[in-house]
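The values are calculated or read from the model by the stated rules, or taken from the named source; none is laboratory data. Keep in mind that this is a model prediction, so the values were computed, not measured. As a convention, Cβ positions derive from the backbone with ideal geometry for all residues, glycine included, and neighbour counts pool all protein chains shown. Note: areas computed on protein heavy atoms with side chains; ligands, DNA, RNA excluded. Shrake-Rupley method; radii C 1.70, N 1.55, O 1.52, S 1.80 Å.
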Amino acid sequence: MKAYITESVKKRMMELLLTFCMVTTGSVFVCAVYNKVFWPQGTFLESNILWQLLALAFVCSLGNFIHSYREISRRRSVFNKGLHYVYINVVVLGCGYGFEWMDMENISMLAAMMLGILVVFAVVSYVIWKLHARESENLNRKLREYQQAVEKAPQSV
């Protein structure tokens, strides 16, 4: 029996993979800056941090499922984006504490981590938004072309 994946599921999977790649890249960048700021003399990082960053990026990417792929109100969209941001903060700060990346009592470490979260979240959200806007424009263009073709076609009575 052949399994078929719908176009919608393919799009969600591709977006999840894209988000995973962007979050991984952003996390590595933030990790490098974070280490340079808080340990300027240099630090030896265990290889476990690579697996931890991959796990973190995967769990953060799952936050994409908070967003609906159907038409929703602007208010609901803003609420979902806020909920997604809170989810990302809980995941990253929870991992930061659990993996012992930071001391939660050190306000500057906490602030730096939250700034890193904000920057990566904003960049990833912007890229995904631009991709959706481009897809919407392509669909609207195809719809206009179809409507023009129907208007030009001879009508039978």
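In table form, for the structure just shown:
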item: The stretch 105-114, residues that are over 16 Å from CYS31 (Cβ atoms) and open to solvent by 70 Å² or more (accessible area, probe 1.4 Å); result: GLU105, ILE107
item: Pairs where the first residue, in the stretch 98-120, is over 13 Å from TYR34 (Cα atoms) and the second is open to solvent by less than 50 Å² (accessible area, probe 1.4 Å) and in a helix (DSSP H, G or I), C-beta under 6 Å, 6+ apart; result: PHE99/GLN52; VAL120/GLY26
item: Test: residue in the stretch 84-95 that is open to solvent by less than 50 Å² (accessible area, probe 1.4 Å), modelled with pLDDT under 90 and within 14 Å of THR19 (Cβ to Cβ); result: no
item: Residue satisfying all of: in the stretch 49-72; polar (S, T, N, Q) and either touching a residue at least 40 places away in the same chain (Cβ under 8 Å) or touching a Leu at 6+ places or on another chain (Cβ under 9 Å) (or both); farthest from ASN106 (Cα to Cα) among these; result: ASN64
item: Test: residue in the stretch 124-146 that is out of contact with any strand residue (DSSP E or B) (no Cβ under 9 Å at 6 or more places or on another chain), open to solvent by less than 80 Å² (accessible area, probe 1.4 Å) and within 30 Å of PHE44 (Cα to Cα); result: yes
item: Top-ranked residue in the stretch 11-29 [being at pLDDT below 90 and in contact with a helix residue (DSSP H, G or I) (Cβ under 8 Å, 6 or more places away or on another chain); ranked as most open to solvent (accessible area, probe 1.4 Å)]; result: ARG12
item: Residues that are loosely packed, with under 10 Cβ neighbours inside 10 Å and not hydroxyl-bearing (Ser, Thr, Tyr), drawn from the stretch 147-157; result: ALA149, VAL150, GLU151, LYS152, ALA153, PRO154, GLN155, VAL157
item: Residue list for the stretch 26-46, filter: within 20 Å of VAL120 (Cβ to Cβ) and aromatic (Phe, Trp, Tyr); result: PHE29, TYR34, PHE38
item: Members of the stretch 30-44 found to be touching a residue at least 24 places away in the same chain (Cβ under 8 Å) and open to solvent by 80 Å² or more (accessible area, probe 1.4 Å), listed by number; result: VAL37
item: Residue selected from the stretch 1-39 under the condition part of a loop (DSSP other than H, G, I, E, B) and either of a type in the set (Ser, Thr, Tyr) or within 20 Å of the chain's Cα centre (by Cα) (or both), by the criterion farthest from MET113 (Cα to Cα); result: TYR4
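Okay, residues lined up against (1) within 21 Å of the chain's Cα centre (by Cα); (2) under 19 Å from PHE29 (Cβ atoms); (3) hydroxyl-bearing (Ser, Thr, Tyr):
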| residue | (1), (2), (3) |
| --- | --- |
| GLY94 | yes, no, no |
| TRP101 | no, yes, no |
| VAL120 | yes, yes, no |
| VAL127 | yes, yes, no |
